[in-house]
Every structure is written in C-alpha cells, then in structure tokens.
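The values are calculated or read from the model by the stated rules, or taken from the named source; none is laboratory data. Every value quoted in this text rests on a predicted model; they were computed, and no experiment measured them. Positions of Cβ are generated from backbone atoms using ideal geometry, with glycine treated the same way; all protein chains shown enter the neighbour counts. Heads up: the accessible areas ignore ligands, DNA and RNA and are worked out on the full protein's heavy atoms, side chains in. Shrake-Rupley method; radii C 1.70, N 1.55, O 1.52, S 1.80 Å.
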Amino acid sequence: MVARSAHPADWHRQPDRRELSAAIGLTLLAVGSLLLPAGFASPALGQMPDRIVSVGGVITEVIYALGLQDRVVGVDSTSQFPADALRDKANVGYVRALSAEGVLSLKPSLVMVIDGAGPPGAVSLLNESGVRIARIPDDTSAAGVAAKIEAIGGVLGAAEPAGRLAAQTRARFEELATLKQAIAQKRRVLFVLSLQNGRVLVGGRNSSADAIIAHAGGINVADGIEGYKTMTDEAIMAGAPDMILMMRNSSSHNTTPDELFAMPAFAETPAAKQKRLTTMDGLYLLGFGPRTPLAARDLMAAIYPEAAIPPLKTANAP
Amino acid sequence: MALGCLVLTLVAIGQGAIAIPPGRVAEILWARLTGDTGLLEGRDVLVVLNIRLPRVLLGLLVGAGLAVSGALMQGLFRNPLADPGLVGVSAGAGLAAAATIVLGDRFLTGTLMKLPFAVLPFGAFCGGLISTLVLYLIATREGRTSVATMLLAGVALGALAGAMTGLLAFISDDRQLRDLTFWSMGSLGGASWTKLTAIAPIVIPLLLAMPLLARGLNGLMLGEAEAYHLGIPVQRIKALAILLVALAVGASVASAGLVGFVGIVVPHLIRLAVGPDHRLLLPLSALGGAILLVGADIVARLIVAPAELPIGIVTAAIGAPFFLWLLLRRSGPLDV
C-alpha cells in the first residue's frame with residue numbers, strides 16, 4: 001500500500017489508480033459470474049469433501065464400495081479391506097491411538113470416525129481445530145449395519161448410492177432371515193479368538209463374534225461370558241459346541257483341526273467327533289459392513305452343511 | 001543445560017506432522033505473547049497454540065516432575081535404585097488411574113462424571129500417595145529405613161498393584177481394555193490446556209520446594225541419626241519429600257500414562273556429571289528430565305507420522321540400555 005502523500009500531484013494520480021483497479025475488479029467479477037453456472041451444475045460435487053480421513057475399517061470399506069476412494073487421503077490401521085486402502089493411503093495409526101496433529105497434517109476436509117475412536121483427547125483436539133468430524137455409530141444388528149451405510153453416505157454427500165447399498169444390504173439380511181427360519185434345530189457354535197499358550201480366548205455375550213453367530217442362526221456356547229475372555233477347558237466341554245469357529249490367519253500358521261481337537265478342552269466335544277472347525281477371514285466375519293450378510297450366510301452354510309444353504313440370491317445383484 | 005532445554009523446546013514446537021516454517025511459528029508465538037490477535041487465524045495457529053504448545057509444556061512438566069521424583073527418592077532412601085517406577089509408586093498411581101478408567105462408568109455418577117480431568121489425577125495421586133506411604137512404613141523400623149526392605153517391598157507392592165490392574169483389565173470391556181493398554185504405554189498426545197492446569201499447580205510447587213529439600217537430603221546422605229544431630233528436621237524433610245513425590249508421580253501418571261525410566265536415568269546422568277550434591281542435582285535433574293521427555297516426544301510423534309508411538313516405548317528404548325550400561329560400567333559389585 002502506497003502511503004498517501006500530501007503532495008498535490010499525487011492527489012491527482014490516486015483516483016486514476018482506483019478507477020483502474022475498480023475496472024479490473026468488475027471485469028473479474030463479470031468473468032467470474034459467467035463461470036458460476038458451471039459450478040451450480042453439479043452442486044453435490046461441490047459439497048463433497050475431497051480430503052477424507054477414514055478412521056474405522058467399516059467406514060473405509062463403505063467408502064470404497066461407493067467408489068469414493070479417490071477422495072480419501074488417510075485411513076487407520078484397521079482399514080484392511082479392500083487391501084488397497086492401507087497400501088495407497090497414509091496410515092494415521094490404530095483407531096484408538098490417533099494423533100491429532102498427524103491427522104491434521106493430511107489437511108482433511110472431513111474426518112470420519114467410528115464409535116470408540118480415540119483417545120478422547122486427540123478427538124477433542126480435532127474438534128477444536130475446526131475440521132469437520134463425522135461420528136459413525138457402530139452397530140452389529142441388521143438395521144444398524146444398513147443405517148451405518150446410510151449415515152456414511154449422508155456425510156459424504158453420496159446419499160443416493162449409499163441408499164442403494166443400504167437397501168441391498170437390507171434385502172440380503174432379509175433373505176438371510178428367511179434362510180434362518182428354515183433351520184429346525186439350532187447348533188451350538190464356539191468362537192475361539194486365540195489359543196495362546198493353551199488358553200482359549202472366546203467371544204462371549206455382546207462381542208462381535210456373538211452377533212455374527214446369531215446372524216448365522218447359531219447358538220453362542222460362550223454366552224455366559226461377557227466380551228472376549230478366556231474360558232476354562234471344563235466350561236468348553238460342558239458347553240458341548242457342535243462347531244468351532246476361528247479367524248483365518250493370513251500371515252502365519254493356522255490351527256489345524258487335528259491340533260485343536262487334540263486339546264483336552266475340545267477332545268470330548270461334539271465338534272471334535274466330526275472334526276468341525278471352520279476358519280473365516282477375520283474382517284469379512286467381524287467387519288459389520290455391506291459384506292456381513294454374505295459372511296453370515298457363509299457361516300450358516302458351514303454350521304449346517306447338510307441343509308445345503310444356497311448362496312444369497314441378491315449376492316450378485318448390482 | 002537450560003539453554004539446551006530452551007532450544008529443544010523451540011525445536012519441539014517447530015516440528016510436527018504438519019510442516020510449519022520456523023518463521024511462522026515464531027510469528028504465532030510472538031503474536032500470542034503480545035496479544036496481537038490479528039495474526040492469530042488459521043490452522044497453523046491452532047496447531048501451534050492448542051496442540052504443540054500444551055504438549056511440549058506437558059512434556060516439560062512431566063519430565064521434570066518424574067526426574068526430580070526419582071532424585072528425591074534416591075536421596076531419601078540413600079539408594080541409587082530407588083525410582084518411582086521401580087519401587088511401585090507408579091504402579092500404585094497406575095492402579096488408581098486404571099480403576100477410574102474401568103470402574104468410572106459404573107460408580108461415578110452425576111457431577112463426578114462431568115469432571116474426568118479432576119477424578120483421574122486425584123485418583124492417581126491417591127494411589128501414588130498410598131503406595132509411597134505403605135512402602136515407607138514397611139521399610140522403616142524404629143526410625144531406620146532399610147533400603148533392601150524398601151526395594152523388595154517395592155517389588156511386592158508393584159506386583160500387587162500390577163495384579164489388581166490385571167484384574168481390572170479382566171473385568172473391563174474391549175473398549176476399556178484398549179484404553180488401558182495404550183494408556184499404560186504413556187503418551188503426551190491429547191495434551192490440552194485443561195490437563196496443564198491440572199498438573200502445573202502440582203509440579204511447579206515441587207520444583208519451587210527443591211531448595212528446601214536439597215540441604216536436608218545432603219544431610220541425610222550421612223545417615224538419619226547424623227543428619228538429625230546436624231539440626232536437620234529429618235522427619236519433616238522425609239514427609240515433605242514423600243508427599244511431593246506422590247503428588248508429582250500421581251499427576252504425571254494421570255496426565256501422560258506410565259512413562260518409564262525418566263526417574264532413574266536422569267538423576268544418574270546428572271550425578272555422573274556434577275556429583276551427588278542435591279543443590280545441583282535436583283534442579284539439573286528437572287532440566288534433564290524435561291529434555292529427555294520432550295526429546296523422546298519429538299521422536300514419538302515424527303517417526304511414524306501421521307500416526308504416533310506411545311512415548312513410554314521411546315523412553316524405555318533409550319532408558320533401559322542406558323541403565324544396563326550404567327550397571328556394567330561399575331567396577332565393583334552394586335552396594336544395595
């Protein structure tokens with residue numbers, strides 16, 4: 001800014017400059033307004049946040065399912081499906097151990113966090129920073145999974161495709177419920193999270209394993225236990241599971257049926273007599289996203305092999 | 001050393017996952033100091049003033065508090081192994097803090113629930129105080145403090161607190177269990193001005209009280225009876241030191257989780273450099289602890305950015321090998 005001089009000659013020159021800048025300004029405004037309709041043509045695109053940090057595997061899965069992955073700049077370490085996510089995007093760390101500055105360093109226009117993301121201090125710092133945060137409730141019920149998809153789509157300005165995905169998920173759950181009704185005699189399933197050192201860590205009541213067993217029409221043997229806990233050998237024997245369910249370990253050694261059923265806890269169970277051990281991909285089984293009805297159907301087919309559970313008719317629908 | 005601390009503090013404020021030019025950082029700090037609000041806009045300002053500055057200040061306070069606590073306990077027990085972490089004081093504070101994490105939802109209702117920042121530090125302080133007192137009562141018979149008893153009792157108390165923390169972990173749900181796990185590894189993340197206002201009134205008086213304690217602790221090096229005959233108020237010095245250690249450790253544990261090895265490594269380093277005179281040892285330990293923790297925090301938040309490492313991992317990775325080296329370089333057997 002040029003300081004205003006008291007010299008009369010300068011006083012005369014000043015208005016010229018202002019006129020010139022006013023003219024330039026008006027021209028820019030006019031050109032700009034010509035461009036405006038182009039912007040209005042796709043208002044949804046304009047509103048869509050284009051630098052998303054997705055915290056929670058299920059959120060990332062839904063974003064990818066909606067084809068919006070190009071807008072994602074960072075994911076948390078639980079975002080393991082699809083596998084590209086962690087390969088292509090910055091990793092902001094474990095869902096419960098976020099760093100506020102780390103997340104902000106990706107210059108997000110939106111941070112989507114699943115229920116239980118933390119630590120609370122980091123989340124409240126993100127909140128204070130003015131970056132838009134969307135909290136997505138986590139839920140393992142059929143209605144909850146569909147609502148979760150809709151919530152994610154709503155926040156992303158992609159309500160329509162998300163609505164289709166949610167409707168598809170609902171339809172799949174309904175089909176699953178019909179299949180479930182046809183089951184006459186429910187079988188008992190025990191979800192074993194790990195066998196570290198001979199200690200059997202199982203999925204009890206209110207665990208995600210409990211929810212998927214219920215979706216698949218099984219009875220959770222460990223429903224006397226809250227959450228993921230160790231179960232005594234005797235209680236396992238008394239629980240008489242018809243089938244043992246475990247997560248497939250992609251990197252290392254998997255427990256074979258022979259090893260498992262050689263353990264005293266399992267040796268006398270109905271599952272051991274028929275060597276019924278099923279392993280499934282952990283995220284597919286316990287992710288509670290759009291793939292969950294398919295996972296529940298696969299689990300159902302594993303629990304009731306003789307019933308020849310058909311694939312979901314809606315499985316290959318768009 | 002004070003200069004080193006200042007430089008490191010400035011580096012810590014300048015470095016982070018978000019690149020902000022040093023000039024801009026200085027500008028923001030200057031604007032804040034002079035109250036020139038015109039310049040205080042934008043994300044940079046928020047990162048510097050609400051994330052990095054409280055974090056670095058918390059690191060300074062926690063580091064200084066833990067290191068001075070270690071130096072105080074070593075002086076009090078006349079033993080180089082005394083450290084709030086090794087003798088179970090941190091475990092006691094940790095148990096109390098774990099109890100507030102796990103049981104807080106069940107038993108705290110109404111207004112108490114709205115004050116998590118007050119309940120956690122207070123609980124951790126009580127836990128630290130109780131374990132320090134129990135330790136002291138067990139180790140002291142007829143006015144004489146047996147260091148061997150103190151160390152063994154400390155190990156037992158630490159194990160007991162660990163077992164009870166394990167019990168809490170067992171009854172906690174998945175969410176609380178994960179909170180507990182990460183909390184036990186320590187972190188300066190989530191530092192805020194609120195946390196600072198909870199810890200500053202505890203650590204700053206501790207730092208101010210150091211001159212009062214230094215002479216007494218120097219006297220205690222001769223033995224309690226000798227110190228008493230020198231006219232040193234032995235019991236008062238002991239009581240004050242225990243209270244301050246419990247307060248500082250409790251507040252540190254509450255605001256940053258369990259951060260190991262600062263309390264034992266730093267006083268040893270300082271003693272190597274300047275000798276055992278507490279008039280120098282205590283303030284230099286404070287500075288050294290502040291430097292170690294702020295330095296470790298820079299590593300913790302830069303090495304895997306945009307994620308961050310728990311700081312306890314970094315301090316233990318630096319502290320434990322150093323501690324071993326300290327043991328190995330001694331020519332004679334350790335005199336416990």
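From the P(r) of the range A:109-222, could you give the percentage of C-alpha pairs in the tail past 18 Å?
65
When only C-alpha pairs under 8 Å and at least 6 residues apart count, what is the relative contact order of the range A:53-165, in percent?
23 percent.
What number, in percent, do you get for the relative contact order of chain B if the mean sequence gap of Cα pairs under 8 Å and at least 6 apart is divided by its residue count?
Relative contact order comes out at 30 percent.
Solvent-accessible area per residue for chain B at a 1.4 Å probe radius, Å²?
Per-residue accessible area for chain B comes out at 44 Å².
For the range B:200-302, just the Cα atoms, rotate onto the principal axes and tell me the three extents in Å, largest first.
Ordered largest first, the range B:200-302 gives principal extents of 53, 29, 19 Å.
Compute for chains A and B the buried accessible surface, both sides summed, probe 1.4 Å, and express it in Å² to the nearest 100.
Protein heavy atoms only, the A-B interface buries about 2000 Å².
Per 10 Å bin, what is the whole-percent P(r) computed from every C-alpha pair distance within the range A:150-289?
So the P(r) values, bin by bin, are 11, 36, 30, 15, 7, 1.
Express the accessible area of the range A:99-214 per residue in Å², computed with a 1.4 Å probe while the remaining protein chains stay in the model.
That works out to 42 Å² for each residue.
Calculate, for B:Glu226 and B:Thr197, the FRET efficiency according to 1/(1 + (r/R0)^6) with r their C-beta to C-beta distance and R0 41 Å; round to the nearest 0.05.
0.45
How many angstrom lie between the Cα centre of the range A:239-318 and the Cα centre of the range B:254-302?
The range A:239-318 and the range B:254-302 have Cα centres spaced 52 Å from each other.
Using heavy-atom solvent-accessible surface (probe 1.4 Å) with all chains present, what is the largest-first order of B:Leu57, B:Leu86, B:Leu120, A:Leu176?
So the residues, ranked largest to smallest area, are B:Leu86, B:Leu57, B:Leu120, A:Leu176.
I want to check the label-to-label distance for A:Ala262 and A:Gln185. Put each point 7 Å from Cα in the C-beta direction and report it in nm to one decimal.
Those two pseudo-labels are separated by 3.1 nm.
Whose amide H sits under 5 Å from the amide H of B:Glu308, counting only residues 5 or more places off or on another chain, with H placed in the peptide plane?
Those lying under 5 Å, H to H, from B:Glu308 are A:Ser99.
Within the protein assembly as shown, what whole-number % of the accessible surface is contributed by carbon and sulfur, with the 1.4 Å probe and all protein chains included in the calculation?
Answer for the protein assembly as shown: carbon and sulfur cover 64 percent of the accessible area.
At a threshold of 8 angstrom on Cα-Cα distance, excluding pairs fewer than six apart, so keeping six or more, what relative contact order does the range B:139-284 reach in percent?
27
Considering amide H positions built from the backbone, and no H for Pro or chain starts, which residues 5 or more places from A:Arg187, or on another chain, come under 5 Å of its amide H?
A:Ile219
To the nearest 10 Å², what's A:Phe81's accessible area with a 1.4 Å probe?
80
Under 27 Å Cα to Cα from A:Lys107, which lysines show up? Leave out anything in the same chain fewer than 8 places away.
A:Lys89, A:Lys148, B:Lys195
For the range B:154-262, take N as its residue count and report Rg(C-alpha) divided by 2.2 N^0.38 Å.
Ratio of Cα Rg to 2.2 N^0.38 Å: 1.39.
Given H placed 1.01 Å from N in the peptide plane, which residues other than close sequence neighbours of A:Thr279 have an amide H under 5 Å from its amide H?
Placed amide hydrogens put A:Met246 under 5 Å from A:Thr279.
Just the Cα atoms of the range A:125-191, one point each, no solvent: what log10 I(q)/I(0) does Debye give at q = 0.18 Å⁻¹?
Calculated log10 I(q)/I(0) at the listed q: -0.78.
Given +1 on the Cβ of Lys and Arg, -1 on the Cβ of Asp and Glu, and no further charges, what dipole in debye does the range A:172-278 carry about its Cα centre, rounded to the nearest 20?
It works out to roughly 200 debye.
Semi-axes of the equivalent ellipsoid for chain B, please: Cα gyration tensor eigenvalues, times 5, square-rooted, ordered largest first, whole Å.
Ellipsoid half-lengths, sorted descending, are 33, 25, 19 Å.
Would you kindly derive the ³J(HN,Hα) couplings of the range B:79-94 from the backbone phi angles with the Karplus curve 6.51 cos²θ - 1.76 cosθ + 1.60 (θ = phi - 60°), listing them in order in whole Hz, with x for Gly and Pro?
Rounded to whole hertz, the list is 9, x, 8, 4, 7, x, x, 6, 9, x, 5, 4, 4, x, 5, x.
log10 I(q)/I(0), Debye, Cα-only the protein assembly as shown, no solvent, q = 0.09, 0.10, 0.12 Å⁻¹?
-0.89, -1.02, -1.25
Could you rank the peptides B:277-288, B:232-243 by their average count of other C-beta atoms within 10 Å per residue, with the highest value first?
Ranked by mean Cβ neighbours within 10 Å, highest first: B:277-288, B:232-243.
So, with +1 on the Cβ of K and R and -1 on the Cβ of D and E, and no other charges, what is the size of the charge dipole of the protein assembly as shown about its Cα centre, to the nearest 20 debye?
It comes to approximately 600 debye.
Starting from the Cα of A:Ser194, step 7 Å along the direction of its Cβ; do the same at A:Glu306; then give the gap between the two resulting points in nm.
3.7
Size of the range B:120-209 along its principal axes in angstrom, Cα-based, largest extent first?
For the range B:120-209, the Cα extents along the three principal axes come out at 46, 39, 17 Å.
When the Karplus curve 6.51 cos²θ - 1.76 cosθ + 1.60 is applied with θ = phi - 60°, which whole-Hz ³J(HN,Hα) does each residue of the range B:223-235 get, with x for Gly and Pro?
x, 5, 4, 4, 4, 4, 6, 6, x, 8, x, 4, 4
So how far, in whole Å, is the C-alpha centre of the range B:213-249 from the one of the range B:142-182?
The range B:213-249 and the range B:142-182 have Cα centres spaced 26 Å from each other.
Can you work out ³J(HN,Hα) from phi for every residue in the range A:80-85, in order, using Karplus 6.51 cos²θ - 1.76 cosθ + 1.60 and θ = phi - 60°, giving whole Hz and x for Gly and Pro?
Ordered by residue, 3J(HN,Hα) equals 9, 9, x, 4, 4, 3 Hz.
Hey, got the Cα dimensions of the range A:53-112 along the principal axes, in Å, largest first?
Here the spans come out as 28, 20, 17 Å, largest first.
Net charge near B:Ala67: determine it from the other residues with C-beta under 13 Å of the C-beta of B:Ala67, scoring Lys and Arg +1 and Asp and Glu -1.
It works out to a net charge of 0.
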